[in-house]
Amino acid sequence: LQRRFNSHADEVVVKNGVDNADAARLSALKLPGIRFLDSQRRVYPKDEMLANVLGFVNIDYQGVYGIESLCNESLSPNHGEITYEHDRQGRPLHRGTLPQQQVLDGKSVYLTIEEPIQYIVEKELRAMVEEFVPERACAIMANPRTGAIMAMAQWPTYNPNDRTEMAPSRWRNHMVSDVYDPGSTMKCIAIAGAIDYGVVDLETEFDCEHGLWYYCRTPLRDSHGYGILNVSDIICKSSNIGTAKIGVIMGKNRLFQTLRRFGFGKPTGIGFDDESAGLLRRPAKWDCLSVTRFPIGQGVSVTPLQMTQAYCALANNGEMPQLHLIDRIISSDAKVEAVVPPPHRLVLRGNTASKIVSAMVRVTQPGGTARKAAVPGHSVAGKTGTSQKLVNGSYSGHGKFIASFIGFAPASDPAFVLLVIADSPSTGTYYGGTVAAPTFSRIAEQTLRYLAVPPDLADQMAVNATTSWPHP
């Protein structure tokens, strides 16, 4: 309990939040005109764990952010009331049985978050932050079959029990409200659309111009000087030029429809008031470069939540689930209110999704850009992203990058989709395959072990039985 002054119109608050020991000493002095009121304080027993999702309440126990705000009405108790008549002096007039409203506790809200997995994600995210010192970082894990969020963490975060560091930059859920240019993680989405429209197949070849290509008199470069690559190689090697050429033959209308089907340019509908829709301009507002830049993740801004939901569709045979955090709500009389998310949306044909996944598996194998994302004994499908940050309208001259990796495992029957992002790592290394991919691997390996998912690679069946289990 905390003690705070019961303020009235003709009274002045001396101090809020006086602890019990101090209040007892002051009360013993019997100072005239001073009185106290016992009140309650919300305590978060896990401190920083899941803080940016749970949110917090204000001094009046009203939810300010996160689940506390989203479910404020459900969580709030129903106070008891007695209705009676009174005379001019306010004295109650007792006439028969007085109508009463029973006191009811607030409802219990159960989340889709799995605490052991949340602990793994937060632990490994902190390890990445300590090694690469980014300005910000985040990780999201979701079940691609159901859309249930399994874990969600960001850095920096805050402790809701300690209000001395309650800056909005710490307590806001940046995975929901902030956007970033996704870079090469967008390539799988755009190319999937091209395959689905019948524009290309995995064996279709493109000249990647040995690393330099001009379109609309503007250069586009690859990190290596590739020659002829097929579509599967373009994904594996992450060729900007190859992907841009696919965007050109795809055309802006089909490209736009693909990105819209995957949910970009509109909120996911997870339920938070401050969720961003991202930025995806309509084709009428595109310039001549847009059709080459949007497929490689430049000029289009997305939230981490949107990117996670889009990859759930790739992992789920082309069906995109509705992401959700609330599993069920149970009332004080034990009645269960099931929270039913909207039905899945078909965004790709199943055979198209399987083709893209086969190319994404190569990304984590020798010769791919994310060998460090591999998990012993399990097939992993994914994509790296290394996007230069847009500062003052320019992508050059500041040297800040966003490193990311998104993928799922096992690729043959995904147990989860996981996105890891490091915003502006400051140790000189900024590639997604170097910064984010190893963190993905560590989280994925521990999660697969926790979920008891058997290995699916026959040549990597050896499992290190000496590895100890993490516990919250």
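The values are calculated or read from the model by the stated rules, or taken from the named source; none is laboratory data. The shown structure was predicted, so the numbers you read here are calculated from the model rather than taken from an experiment. For neighbour counting, all protein chains shown are included, and Cβ atoms are generated from backbone atoms with ideal geometry for every residue, glycine included. Each accessible area value is taken on the protein alone, full model and side chains, heavy atoms only, with ligands, DNA and RNA left out. Shrake-Rupley method; radii C 1.70, N 1.55, O 1.52, S 1.80 Å.
Points to keep in mind about this one:
- Spin-label pair Ser426/Val13, simplified geometry with 7 Å Cα→Cβ offset, distance in nm: 3.7
- Asp207 versus Asp38: modelled label distance in nm, points set 7 Å from Cα along the beta carbon direction: 8.4
- Restricting the calculation to alpha carbons of segment 165-223 gives Rg and Dmax of 18.5, 54 angstrom.
- Using θ = phi - 60° and Karplus 6.51 cos²θ - 1.76 cosθ + 1.60, couplings along segment 230-238 (whole Hz; Gly, Pro as x): 7, 5, 4, 5, 4, 5, 4, 8, 6
- Global form of segment 187-254, assessed from the alpha-carbon gyration tensor, a/c cut-off 1.5: oblate
- Calculated semi-axes √(5λ) of the Cα gyration tensor in Å (choose from (i) 40, 26, 21; (ii) 50, 23, 23; (iii) 82, 29, 21), label: (ii)
- Options Pro156, Pro304, His324, ranked by Cα towards positive dipole end of the chain, top entry (Cβ charges): Pro304
- Peptide packing for 171-181, 423-433 was compared via the average number of neighbouring C-beta atoms within 10 Å per residue; ordered from the highest value, the list is 171-181, 423-433.
- In this structure, the amide hydrogen of Ala411, modeled 1.01 Å from its nitrogen in the peptide plane, lies closer than 5 angstrom to those of Ser379, Val380, Ala381, counting only residues at least 5 positions away or on a different chain.
- Only DSSP H runs of four or more residues enter the estimate; each adds -39500 (n - 2.57), and after division by the residues of the chain the mean residue ellipticity at 222 nm equals -8000 deg cm²/dmol.
- Overall, the accessible surface of the chain at a probe of 1.4 angstrom is composed of carbon and sulfur to the extent of 51 percent.
- Per-residue Karplus couplings for segment 50-67, computed as 6.51 cos²θ - 1.76 cosθ + 1.60 with θ equal to phi - 60°, are listed in order as 6, 4, 6, 8, 5, x, 7, 10, 8, 5, 9, 6, 9, x, 9, 7, x, 4 Hz, Gly and Pro entered as x.
- Computed with a 1.4 Å probe over protein heavy atoms only, the accessible surface of the chain comes to 48 Å² per residue.
- The H on the amide N of Arg136, modeled in the peptide plane, is under 5 Å from the matching H of Asp423, each at least 5 residues off or on a different chain.
- Using R0 = 51 Å, the C-beta based FRET efficiency linking Tyr450 and Lys30 works out to 0.30.
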